[in-house]
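Here is the structure we will look at.
The values are calculated or read from the model by the stated rules, or taken from the named source; none is laboratory data. Computed from a predicted structure; not experimentally measured. Cβ placement follows ideal geometry from the backbone for every residue including glycine, while neighbour counts extend to all protein chains displayed. Remember, those area values only see protein heavy atoms, side chains included, never the ligands or the DNA or RNA. Shrake-Rupley method; radii C 1.70, N 1.55, O 1.52, S 1.80 Å.
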Protein chains: 2
Amino acid sequence: MEKCDPVCEGTSPEIADQVKAELLEDRSAVSIADLFKALGDPTRIKIIHALSLHELCVHDLTIVLGMGQSAVSHQLRYLRNLRIVKRRKEGKTVYYSLDDNHIEQLFVLTRQHLEHD
Amino acid sequence: MEKCDPVCEGTSPEIADQVKAELLEDRSAVSIADLFKALGDPTRIKIIHALSLHELCVHDLTIVLGMGQSAVSHQLRYLRNLRIVKRRKEGKTVYYSLDDNHIEQLFVLTRQHLEHD
DNA sequence: TTAATATATGAGCAATTATTCATATGTTGA
DNA sequence: TCAACATATGAATAATTGCTCATATATTAA
């Protein structure tokens with residue numbers, strides 16, 4: 001962190017101070033980033049997309065994704081900790097589905113953003 | 001990747017196949033994940049939030065964020081490569097602002113999601 | 001109980017990443 | 001041209017992360 005006494009001429013220091021005062025707190029920024037981080041991996045994106053199409057058990061997800069069972073389970077735990085997916089047990093099998101439709105909205109909005117460009 | 005001939009009883013194999021057929025392609029999943037990944041870091045979240053409040057030069061951002069100039073510059077380049085922020089040069093100083101209001105929408109939606117819970 | 005199936009999880013490893021340090025580029029004024 | 005300022009960037013490093021392997025837990029059927 002360097003000295004910043006001679007604020008660059010271009011911007012008034014009041015604006016920087018004002019923005020600094022209004023800026024998100026650390027924990028808020030971390031919370032928001034954590035949620036986006038969860039969506040920032042292709043495997044998890046595919047899992048979320050698959051579950052937006054249909055509730056699926058872990059085994060079916062391994063088929064759909066073409067991945068090992070362990071990797072899928074790890075990612076599902078990750079997503080479950082963030083309450084992005086939830087599970088429902090039925091005998092031996094565990095069915096996963098999206099826990100919240102906000103996630104789907106983020107999805108739709110993001111795809112729009114990408115197509116728009 | 002293990003054998004998956006005896007599909008788990010719980011789900012019909014047709015559903016897994018159907019979901020697999022509709023699932024996002026690799027490159028789409030990667031594109032979407034890349035965008036979310038850009039939002040998956042507290043520093044970048046703060047940068048985006050700050051710029052949603054006001055156009056700012058790099059130096060002011062270092063003040064607002066309380067971070068080194070180099071770190072800020074690196075993150076700005078990252079965000080600029082993804083067209084999340086854009087720059088405007090004026091003499092020595094470079095002003096950054098959000099390139100697209102879709103990002104702000106994602107922001108709002110995400111904060112709603114977090115507050116909701 | 002034993003075997004088979006479905007899922008979960010800890011440890012370890014390779015790849016990625018956010019920051020720092022040092023330095024380069026570009027701009028302005030003296 | 002030279003010095004000061006504003007920003008950019010390459011290299012190095014520490015921390016994080018996604019996957020695999022081996023194994024544990026849980027459920028069902030024989």
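With N denoting the number of residues in chain A, provide Rg(C-alpha) divided by 2.2 N^0.38 Å, to two decimal places.
Taking the Cα Rg and dividing by 2.2 N^0.38 Å, one obtains 1.52.
Could you work out the Kirkwood radius for the protein assembly as shown, taking every pair of different alpha carbons, averaging 1/r and inverting it, reported in Å?
Its Kirkwood hydrodynamic radius stands at 19.4 Å.
Collect residues whose amide H, placed 1.01 Å from N in the peptide plane, falls under 5 Å from the amide H of A:L56; neighbours closer than 5 in sequence don't count.
Excluding prolines and chain starts, which carry no amide H, the hits are A:Y96.
Over the protein assembly as shown, what percent of the accessible surface lies on carbon and sulfur atoms, probe 1.4 Å?
It is 46 percent, rounded to a whole number.
Between B:I63, B:I45, B:I15, which gets the highest mean-square fluctuation from a Gaussian network model of chain B, Cα cutoff 10 Å?
B:I15
Under a 10 Å cutoff between Cα atoms, tell me which one of B:Q18, B:Q69, B:Q105 has the largest fluctuation in the Gaussian network model of chain B.
Most flexible of the set in this elastic network: B:Q18.
Before rounding to the nearest 500, sum -39500 (n - 2.57) across all DSSP H runs of length at least 4 in chain A and divide by the residue total; then give [θ] at 222 nm in deg cm²/dmol.
One gets -19000 deg cm²/dmol as the mean residue ellipticity at 222 nm.
If the label for B:R77 sits 7 angstrom from Cα along the Cα-to-Cβ line, what are its distances to the same label in every other copy, in nm to one decimal, shortest first?
List, nearest first: 3.7 nm.
In sequence order, what are the phi-derived ³J(HN,Hα) couplings for the stretch B:67-81 according to the Karplus relation 6.51 cos²θ - 1.76 cosθ + 1.60 with θ = phi - 60°, rounded to whole Hz, with x for glycine and proline?
So the J values, rounded to whole Hz, are 10, x, 5, 5, 4, 5, 4, 4, 5, 5, 4, 4, 5, 6, 4.
If the elastic network links every pair of Cα atoms under 10 Å, which of A:S52, A:S31, A:S73 fluctuates the most in the Gaussian network model of chain A?
Looking only at A:S52, A:S31, A:S73, the largest GNM fluctuation is found for A:S31.
Work out the FRET efficiency for B:R111 and A:H74 from their Cβ-Cβ distance, taking R0 = 35 Å, and round it to the nearest 0.05.
0.80
If you take the Cα Rg of the stretch B:74-117 and divide it by 2.2 N^0.38 Å, with N the number of residues, what do you get?
Against the empirical 2.2 N^0.38 Å value, I get 1.48 for the stretch B:74-117.
Per residue of the stretch B:94-109, in order, report the coupling 6.51 cos²θ - 1.76 cosθ + 1.60 (Karplus, θ = phi - 60°) as ³J(HN,Hα) in whole Hz, putting x for Gly and Pro.
With the stated coefficients, the stretch B:94-109 comes to 10, 9, 10, 8, 5, 8, 7, 7, 4, 4, 4, 4, 4, 4, 4, 4 Hz.
Determine the total buried accessible area between chain A and chain B, counting protein heavy atoms only with a 1.4 Å probe; round to the nearest 100 Å².
Approximately 6000 Å² gets buried when A meets B.
So how exposed is B:F107, as accessible area in Å² (1.4 Å probe, rounded to 10)?
Rounded to the nearest 10, the figure is 20 Å².
Mind listing the label-point distances from B:S97 to the same position on all other copies, shortest first, one decimal in nm, points 7 Å along Cα→Cβ?
So the label point of B:S97 gives 4.5 nm to the other copies.
When the dipole is taken about the Cα centre of chain A, and only Lys, Arg (+1) and Asp, Glu (-1) are charged at their Cβ, what size is it in debye, to the nearest 20?
So the magnitude is around 1100 debye.
What percent do you get for the relative contact order of the stretch A:24-116 when only Cα pairs under 8 Å and 6+ apart count?
25 percent
Compute the label-point distances linking B:S52 to its equivalents in the other copies; points lie 7 Å from Cα along Cα→Cβ; give nm, one decimal, shortest first.
1.9
Ignoring GluC sites (Glu not before Pro) that are buried or in helix or strand per DSSP, and keeping those with at most 13 other beta carbon atoms within 10 Å, what is the longest stretch of chain B between them?
B:26-117
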